[in-house]
Amino acid sequence: MIVIFGGAFNPPTIAHKEIYYHVLKFIPFTEFVFLPVSSLYTKRSLASNFHRLQMLNLLIKDLPNSSISTLEFDDSDYIGTYQSLLRIQEKYPNQELSFIIGADNLIKIHKWINAKALLTDFKFIVINRSLTDMKNYIQNDLFLKEYSSRFVLLPDFNLDISSTAFRETFDQKIVTKEIYQYIQIQGLYRG
């Protein structure tokens with residue numbers, strides 16, 4: 001199985017690294033692919049694609065069977081997760097792809113571009129960060145219930161760390177030492 005972990009990674013945090021280990025405990029993947037969104041994805045201020053890629057390289061340097069896909073960096077517009085997964089599937093034609101989402105994204109997934117096709121064609125690994133009863137939520141949601149077999153629900157992930165918290169506090173415990181040094185040297189996130 002190929003596991004895809006999409007996100008802004010603005011900056012990559014210790015939680016992003018711990019999610020790799022959390023998934024590894026439960027799912028025997030052959031490759032764990034970090035898929036950073038392009039700065040075209042959103043109007044909120046993202047560090048440049050270049051800087052986020054450099055920081056992700058620092059994050060994954062010791063993670064076996066991990067890689068970074070920059071395919072969204074090359075897009076001229078944001079075209080959605082479904083199109084990105086189709087392109088990644090071309091690279092791994094004989095492997096099943098699973099996309100990681102947080103439990104908080106379950107309530108929004110029906111609004112994603114090509115949501116039905118996404119849930120039909122790919123599996124989703126759901127990381128529970130809010131102690132939500134995910135199985136019950138899926139069974140009681142009219143949209144999600146139809147796709148309940150497409151979700152792999154992992155036990156609770158109790159590391160409450162976010163990129164937003166780092167940008168607001170510059171708490172160096174939220175990122176790795178190497179990423180913190182990179183941010184300082186490059187002067188990132190300082191207005």
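Among the lysines, select those whose C-alpha is under 22 Å from the C-alpha of K123, and discard any that sit fewer than 8 residues away in the same chain.
In chain and number order, the partners are K17, K25, K91, K108, K111, K135, K145.
Once amide H atoms are placed 1.01 Å from N in the peptide plane, what residues at a sequence separation of 5 or more from F151, or on another chain, have their amide H within under 5 Å of its amide H?
Hits under the 5 Å cutoff: F124.
Given Cα pairs under 8 Å that are at least 6 residues apart, what percent is the relative contact order of the chain?
Here the relative contact order equals 26 percent.
With springs only between Cα atoms under 10 Å apart, run a GNM on the chain and tell me which of R87, R167, R44 wobbles the most.
Ranking R87, R167, R44 by mean-square fluctuation puts R44 first.
By the scheme Lys and Arg +1, Asp and Glu -1, what is the net charge of all other residues having a beta-carbon under 13 Å from that of K61?
0
Please sort 31-39, 58-66, 88-96 by packing, taking for each peptide the average over its residues of neighbouring beta carbons within 10 angstrom, highest first.
Ranking the peptides 31-39, 58-66, 88-96 by packing returns 31-39, 58-66, 88-96.
Computed from the coordinates I sent, percent of Cα pairs over 28 Å apart equals one of (1) 24; (2) 50; (3) 46. Tell me the label.
(1)
Which listed residue (V3, I113, L85) has the Cα farthest towards the positive end of the charge dipole for the chain, taking +1 on Lys and Arg C-beta and -1 on Asp and Glu C-beta about the Cα centre?
Farthest along the dipole direction, towards plus: I113.
Got a sec to turn the phi values of the range 66-80 into Karplus ³J(HN,Hα) couplings, 6.51 cos²θ - 1.76 cosθ + 1.60 with θ = phi - 60°, whole Hz, x for Gly and Pro?
Per-residue couplings from phi come out as 10, 8, 10, 9, 9, 4, 6, 5, 8, 6, 7, 7, 6, 10, x Hz.
What is the percent of Cα-Cα separations in the range 134-191 that go past 14 Å?
Above the 14 Å cut-off, the range 134-191 has 66 percent of its Cα pairs.
At a threshold of 8 angstrom on Cα-Cα distance, excluding pairs fewer than six apart, so keeping six or more, what relative contact order does the range 102-170 reach in percent?
Relative contact order of the range 102-170: 35 percent.
Kindly report the accessible area of the range 47-175 per residue (heavy atoms of protein chains, probe 1.4 Å, no ligands, DNA or RNA), in Å².
It amounts to 54 Å² per residue over the range 47-175.
With only Lys, Arg, Asp and Glu charged, each at its Cβ (+1 for the first two, -1 for the last two), find how big the charge dipole of the chain is about the Cα centre; round to the nearest 20 debye.
220 debye
How many angstrom lie between the C-alpha centres of the range 140-191 and the range 86-110?
Centre-to-centre (Cα) distance: 17 Å.
May I ask for the net charge around Y82, where only other residues with Cβ less than 12 Å from the Cβ of Y82 are counted and Lys, Arg are +1 while Asp, Glu are -1?
For residues surrounding Y82, the net value is +1.
If you roll a 1.4 Å probe over the chain with all protein chains in place, what percent of the accessible area is carbon or sulfur?
49 percent
The values are calculated or read from the model by the stated rules, or taken from the named source; none is laboratory data. Nothing here was measured: the structure is a model prediction, and the numbers come from that model. Glycine gets a Cβ as well: all are built from the backbone with ideal geometry, and neighbour counts include every protein chain shown. Ligands, DNA and RNA are excluded from the accessible area calculation, which covers all protein heavy atoms including side chains. Shrake-Rupley method; radii C 1.70, N 1.55, O 1.52, S 1.80 Å.
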